[in-house]
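Here is the structure we will look at.
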Amino acid sequence: MLKWLILAIVIIAAGLYGLRKYALDHATEDGSFSNRIYDKGIEKDLLEMCHGEVKKLQRHYEETTPAQFESACKCFANDMSEKLKAVPPGEMHAFLDSEANRKSAQNIIKKCGYAAGLN
């Protein structure tokens, strides 16, 4: 009985590993289920990051409304997720650490801040 239980656990673990690997390998394929999940995850993470930064900045922008900050964050998350959706999950940190991509993110933040009325 114990032998069958161990075998079942090994089979389930191998299956879960295979599903995870498949999802990561197909995360950047347009139209795939993995891609839709990956895109939503990226956008959610970017929004959370932006909201965290906004909380730090709000005291400096007393005349700015929460709706303006929300608009800027949504703009940033949408634009950055478009840039990031073709980057495989395993290469994300290297992509974000490059100087050119940091500058691009800063330009997106400035553009979205101006569009939302942040000065």
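Among the residues of segment 10-61 satisfying the criterion of being among the polar types (S, T, N, Q) and surrounded by 14 or more Cβ atoms within 10 Å (Cβ to Cβ), which is farthest from ILE109 (Cα to Cα)? Filtering segment 10-61 for residues that are among the polar types (S, T, N, Q) and surrounded by 14 or more Cβ atoms within 10 Å (Cβ to Cβ), the one farthest from ILE109 (Cα to Cα) comes out as SER32. Selection within segment 62-73: residues that are in contact with a helix residue (DSSP H, G or I) (Cβ under 8 Å, 6 or more places away or on another chain) and hydroxyl-bearing (Ser, Thr, Tyr). The member of this set that is nearest to ILE109 (Cα to Cα) is SER71. For first residues located in segment 14-26 and closer than 18 Å to LYS40 by Cα, partners that are loosely packed, with under 10 Cβ neighbours inside 10 Å and of a type in the set (Ser, Thr, Tyr) and lie 6+ apart or on another chain with Cβ distances below 6 Å do not occur.
Tell me, please, whether a residue that is in contact (Cβ under 8 Å) with a residue 40 or more places away in the chain, of a type outside the set (Gly, Ala, Ser), surrounded by 14 or more Cβ atoms within 10 Å (Cβ to Cβ) and over 19 Å from LYS111 (Cα atoms) can be found in segment 87-98. Yes.
Since every read-out is calculated from the coordinates, none of them should be taken as a lab result. Just so it is clear, the structure is predicted and the values come from calculations on it, not from any experiment. All Cβ positions, even for glycine, are placed from backbone atoms using ideal geometry, and neighbour counts span all protein chains on display.
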